[in-house]
Every structure is written in C-alpha cells, then in structure tokens.
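Trainee: Structure incoming, see below.
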Amino acid sequence: MIRECFKLKTGILFERNAFKFVGLDPSMLLPEVKTRPEPVTTFSGNRPAPEWPRLTMGVHGGLVDVNDFVNEEEEDLADALSDANDMLGISKSWWILECVPQKIKFQKDDDSWVKKLSSVISSPSGRVI
C-alpha cells in the first residue's frame with residue numbers, strides 16, 4: 001500500500017528509516033517508483049523471522065537502524081510459505097459466533113431489496129442457511 005501511495009503521488013509523508021521495517025528499499029520508491037523485480041522462489045540467506053520487532057526509538061528520538069533487512073520479494077515468499085492463521089481451527093469458541101443469525105440485505109435483479117435473517121452455517125448442499 002505504501003508503494004501505491006508513492007505511485008499516486010498522494011503527498012503522504014513517511015519516515016524514511018521506517019521503510020526497512022516493512023521490507024521496502026527507499027531507493028525503489030524515490031525519486032520515482034521503480035517496478036518490482038520478478039518474484040523469488042528461494043531465500044538469499046536465512047528465512048525471515050515470522051514476527052518483526054516493533055519500531056524502536058533511539059536515544060535522540062530517531063528510529064533504530066535495521067540490521068537484518070529483508071526485501072519485498074523475500075517477505076512475499078515468506079508470507080506465501082507461512083501457515084494459515086485459521087482462528088476457527090485454533091479457537092473452537094469462535095464457532096459460536098458463526099451460528100448467530102445476522103440480518104442481511106441484498107438487491108435483486110429487479111432493483112428491489114430483500115432483507116432476511118441468515119446464519120453463515122452451510123447446508124450439506126453448500127448453500128448458506
């Protein structure tokens with residue numbers, strides 16, 4: 001999304017040193033946004049850590065420099081290879097909320113609106129009840 005802000009020339013100001021924390025190389029964005037290289041299929045070194053530390057401020061209010069920079073392409077590869085975060089599988093209590101009926105509103109082909117109460121539990125035929 002940061003890359004898109006630069007492409008659209010929104011004028012949003014970013015802390016230049018913070019780009020490294022999100023895997024962006026500032027030289028790829030300034031003065032003109034360069035096209036991304038081809039996706040990678042292997043890591044150039046070790047696989048990136050699953051979690052990055054939060055931004056930390058230095059003694060004089062500046063951001064601490066990132067020593068283990070990982071570029072966009074390798075971060076994308078790490079995201080693609082990571083496990084899915086399925087909260088319905090991790091915490092079974094979330095299934096209770098799946099059973100609570102919800103009011104839904106949709107527009108039919110004749111431009112009329114239909115309101116109904118529905119839950120997101122699927123029937124055996126695959127239709128949402």
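The values are calculated or read from the model by the stated rules, or taken from the named source; none is laboratory data. These numbers come from a predicted model, not from an experiment. Every residue, glycine as well, gets a Cβ built from its backbone with ideal geometry; the counts of neighbours run over all protein chains shown.
Trainee: Could you please let me know if L55 is modelled with pLDDT of 75 or more and either surrounded by 10 or more Cβ atoms within 10 Å (Cβ to Cβ) or not hydrophobic (A, V, I, L, M, F, W, C) (or both)?
Mentor: Answer is no for this residue.
Trainee: A follow-up question, please. Pairs only if they're at least six apart or on different chains, beta carbon under 6 angstrom, first in the stretch 21-36 and on the phi > 0 side of the Ramachandran plot, second of a type in the set (V, I, T) and in a loop (DSSP other than H, G, I, E, B); list them, first residue then second.
Mentor: Here the result reads G23/V70, each pair linking the stretch 21-36 to a residue that is of a type in the set (V, I, T) and in a loop (DSSP other than H, G, I, E, B).
Trainee: Which residue, of P39, P48, is part of a loop (DSSP other than H, G, I, E, B) and surrounded by fewer than 14 Cβ atoms within 10 Å (Cβ to Cβ)?
Mentor: Working: P48 fails: surrounded by fewer than 14 Cβ atoms within 10 Å (Cβ to Cβ).
The match here is P39.
Trainee: Turning to a different aspect of this structure: When you check S123 against the structure, is it modelled with pLDDT of 80 or more, among the small types (G, A, S) and either closer than 18 Å to I2 by Cα or not assigned by TED's automatic domain parsing to the domain that holds R3 (or both), yes or no? I'd like the intermediate steps shown before the answer.
Mentor: Values: modelled with pLDDT of 80 or more: no; among the small types (G, A, S): yes; either closer than 18 Å to I2 by Cα or not assigned by TED's automatic domain parsing to the domain that holds R3 (or both): yes.
Spelling it out, it is not the case that S123 is modelled with pLDDT of 80 or more, among the small types (G, A, S) and either closer than 18 Å to I2 by Cα or not assigned by TED's automatic domain parsing to the domain that holds R3 (or both).
Trainee: So, of the residues in the stretch 82-98 that are of a type outside the set (D, E, K, R) and either in contact (Cβ under 8 Å) with a residue 24 or more places away in the chain or not in a helix (DSSP H, G or I) (or both), which turns out to be farthest from L24 (Cα to Cα)?
Mentor: Step one: filter the stretch 82-98 for residues of a type outside the set (D, E, K, R), giving 82, 84-85, 87-91, 93-97.
After this cut, where a residue has to be either in contact (Cβ under 8 Å) with a residue 24 or more places away in the chain or not in a helix (DSSP H, G or I) (or both) as well, the list is 82, 84-85, 91.
On the way: S82: 20, A84: 24, N85: 24, S91: 34 Å.
Only one residue tops the list, namely S91.
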